[in-house]
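Structure first, then comments.
Each reported figure results from applying straightforward, stated rules to the coordinates on display, with no laboratory input. Keep in mind the model is a prediction, meaning the values are calculated, not measured. So basically every Cβ, Gly included, is an ideal-geometry build from the backbone, and we count neighbours across all protein chains shown.
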Amino acid sequence: MSAQPPLLLALDLTGTFVFGLNGALTAVRATRLDVVGVVTLGMMTALGGGVIRDVLIGSVPPATFQDWRYFALAFGGGIIAFALSRRLDRLEMPITVLDAVGLSVFAVIGASKASEYGLGVGPAVLLGVITAVGGGTIRDLMIGQIPTVLRSELYAIPALVAAVITVSALGLDVYGLPAALAAAASCFVIRMLGVHFGLNAPRPPGSADTGREGQPR
Amino acid sequence: MSAQPPLLLALDLTGTFVFGLNGALTAVRATRLDVVGVVTLGMMTALGGGVIRDVLIGSVPPATFQDWRYFALAFGGGIIAFALSRRLDRLEMPITVLDAVGLSVFAVIGASKASEYGLGVGPAVLLGVITAVGGGTIRDLMIGQIPTVLRSELYAIPALVAAVITVSALGLDVYGLPAALAAAASCFVIRMLGVHFGLNAPRPPGSADTGREGQPR
Amino acid sequence: MSAQPPLLLALDLTGTFVFGLNGALTAVRATRLDVVGVVTLGMMTALGGGVIRDVLIGSVPPATFQDWRYFALAFGGGIIAFALSRRLDRLEMPITVLDAVGLSVFAVIGASKASEYGLGVGPAVLLGVITAVGGGTIRDLMIGQIPTVLRSELYAIPALVAAVITVSALGLDVYGLPAALAAAASCFVIRMLGVHFGLNAPRPPGSADTGREGQPR
């Protein structure tokens with residue numbers, strides 16, 4: 001990841017920080033954990049997706065274990081969330097927004113890193129999605145909840161869109177900062193529209209309720 | 001996996017498809033998920049065991065990320081299960097049968113691949129079992145259930161038998177399609193007998209109920 | 001792990017055995033599992049932390065898959081726990097003590113192995129902690145509980161202390177059996193003090209109860 005353009009690196013680090021914040025806040029809300037648990041959960045959320053990606057493409061030790069900045073930002077996000085947990089509780093919307101930033105950036109970076117390592121189109125797209133949703137999935141498993149990616153509000157689909165755009169741009173040899181930003185922006189916009197309108201992907205035919213839900217979670 | 005005999009490859013692909021179907025159906029029954037969740041869970045069930053095996057033996061990226069047929073069949077199984085979830089709900093027995101096919105084939109293929117990669121007898125057997133039960137275990141964790149392999153009806157033992165036969169045949173230099181089919185058939189028969197008679201492995205001495213259960217789950 | 005000094009190897013094997021025992025006993029208490037489930041859970045607890053460590057540092061197949069003694073001791077611990085589950089139930093304190101031994105030894109061995117593989121100070125410390133708490137975390141996820149490491153009684157912190165001492169000793173070139181034992185002993189003492197006094201790390205400001213809990217779990 002050393003040769004990343006500065007803006008992409010900045011977004012990647014931002015994504016790590018906000019996922020750390022978000023994971024720790026989720027921990028505070030969902031269940032009674034001590035400071036170690038809260039910070040650990042923040043770090044798992046922030047670093048988990050990238051670690052799974054790196055293990056799957058054979059890039060071990062994972063990048064986040066080799067660059068102290070990821071580690072520090074994930075840790076910092078967790079600590080801040082712990083300290084301010086009462087106040088941040090009221091900041092639901094900013095946190096949702098920042099989470100969408102993380103989702104978008106991680107999908108792009110995951111897909112492009114997988115392509116760099118020689119994976120084909122389909123696998124690279126899949127790894128983009130895994131990078132984006134992996135950390136949150138670990139977080140949810142740890143606190144005993146059905147992972148968000150399985151149950152709500154167009155969470156995986158925007159990541160999929162970003163990964164497809166990224167891999168397409170790479171295939172057409174037009175990948176660069178503008179393409180990466182366009183891919184991330186697409187994910188971000190779709191995700192925020194989903195949150196705003198409470199949209200969900202279709203449910204199975206026999207299911208109790210379908211489509212819209214009363215309020216975004 | 002390129003040099004697999006056609007019948008074994010066909011069984012492996014069949015196993016992938018039925019595990020995708022089975023994982024997605026489990027998702028539909030167990031909890032309310034949208035189409036993304038149902039298909040994702042189907043794919044995790046179908047591909048999870050092989051991915052864990054490949055990560056553990058150092059064969060990354062995992063085989064299923066490099067051969068689009070696995071991916072397509074897992075996805076197809078998930079989509080079909082989603083679309084037909086109402087009708088398939090009544091097909092419990094065929095699905096149990098197909099699940100046993102997947103279990104059997106994956107145990108054989110997992111054990112033989114681990115042996116190819118130079119693992120000893122014990123580890124190769126263990127990896128056969130992990131390949132067979134890994135996907136279903138991920139599925140159960142994701143929907144918040146105690147994994148089937150831990151709790152019921154001779155699920156791990158038939159896989160263990162198949163893996164032992166496979167590794168023994170390899171050791172005796174008589175491994176080939178007949179041995180592979182014999183190993184898979186042993187697993188299949190034991191598993192189906194377990195389901196039919198509602199057999200369980202012994203429970204701990206102090207446990208409330210032991211042995212038989214009223215009905216197969 | 002071939003060049004380990006005999007005492008350290010003995011402790012590592014002891015840790016594996018007691019984690020197998022402990023994981024299986026937890027299984028017996030927490031939920032109704034058959035013998036396969038109980039032993040499987042014991043083995044996951046005993047071997048899980050080391051497997052995660054080895055996957056993350058790229059040492060695959062994992063060490064525990066290549067040395068039958070780890071495997072045998074994990075299995076033996078699980079079987080013994082299953083057979084004696086009624087009686088061992090009353091031996092809560094010895095089991096807590098043995099669990100602390102496993103935690104201590106695994107933290108030291110995990111951190112030193114990660115350093116051997118060229119990881120920096122921070123990552124090596126982190127891998128020591130992951131090795132120590134990984135198996136128990138898998139165990140808790142499998143039986144549907146919030147992992148111990150997230151919720152109680154100074155579990156991760158003593159492992160962190162042991163890993164820091166280990167990596168520091170390696171950095172100062174004074175690592176050897178005495179340093180390893182000192183690191184493990186520090187972890188053990190802190191952990192046992194935490195258990196004895198029912199100490200917990202601080203909880204978030206807004207949390208219902210803070211600090212002490214009535215009784216050690």
**Message:** Could you list B:VAL125, A:VAL38 so that the one with the fewest beta carbons within 10 Å of its beta carbon is first and the one with the most is last?
**Reply:** B:VAL125, A:VAL38
**Message:** Could you give each residue of segment A:38-49 its phi-based ³J(HN,Hα) in whole Hz, using Karplus coefficients 6.51, -1.76, 1.60 with θ = phi - 60°, and x for Gly or Pro?
**Reply:** 5, 5, 4, 5, x, 5, 4, 5, 6, 9, x, x
**Asked** Across peptide B:118-131, what mean number of C-beta atoms from other chains lies inside 10 Å of a residue's C-beta?
**Response** 3
**Asked** Rounded to a whole number of µm²/s, how large is the Stokes-Einstein D of segment A:8-86 at 37 °C and 0.692 mPa s, given Rh as the Kirkwood radius over C-alpha pairs?
**Response** 266
**Asked** What list of whole percents do you get for P(r) of segment A:91-184, with Cα-Cα distances grouped in 5 Å bins up to the one holding the largest distance?
**Response** 3, 16, 24, 23, 17, 10, 6, 2, 0
**Item:** Nitroxide proxy distance, nm - points 7 Å out along Cα→Cβ at B:ARG86 and A:VAL189
**Value:** 3.7
**Item:** Table column - 3J(HN,Hα) (Hz), segment A:101-111, Karplus curve with 6.51, -1.76, 1.60, x for Gly and Pro
**Value:** 4, x, 4, 5, 5, 5, 5, 5, 5, x, 5
**Request:** Give the order of A:PHE65, B:PHE71 when sorted by the count of other beta carbons within 10 angstrom, beginning with the fewest.
**Result:** B:PHE71, A:PHE65
**Fill in**
Along the dipole axis of chain C (charges at Cβ: +1 for Lys and Arg, -1 for Asp and Glu; origin at the Cα centre), the most positive-end residue among C:LEU126, C:ILE146, C:GLY49 is C:ILE146
**Request:** Pop out the ³J(HN,Hα) list for segment A:154-160 in order, Karplus 6.51 cos²θ - 1.76 cosθ + 1.60 with θ = phi - 60°, rounded to Hz; leave Gly and Pro as x.
**Result:** 6, 9, 7, 5, x, 5, 4
**Message:** Give me, ordered by chain and number, the residues 5 or more places off B:ILE143 or on other chains with an amide H under 5 Å from its own placed amide H.
**Reply:** none
**Item:** Cα point-scatterer Debye curve for segment A:40-126, base-10 log of I(q)/I(0) at q = 0.14, 0.15, 0.25, 0.26 Å⁻¹
**Value:** -0.57, -0.64, -1.27, -1.32
**Prompt:** For chain C, how big is Rg over Rh, using alpha carbon atoms and the Kirkwood form of Rh?
**Reply:** 0.97
**Prompt:** What ranking do B:ILE80, B:ILE165, A:ILE52 get, fewest neighbouring Cβ atoms within 10 angstrom at the top?
**Reply:** B:ILE80, A:ILE52, B:ILE165
**Item:** About the Cα centre, charge dipole magnitude for segment C:1-101 (Lys/Arg +1, Asp/Glu -1 at Cβ), debye
**Value:** 260
**Prompt:** For the protein assembly as shown, with equal point scatterers placed on the C-alpha atoms only and solvent neglected, what are the log10 I(q)/I(0) values from the Debye formula at q = 0.05, 0.07, 0.10, 0.11 1/Å, to two decimals?
**Reply:** -0.21, -0.42, -0.92, -1.14
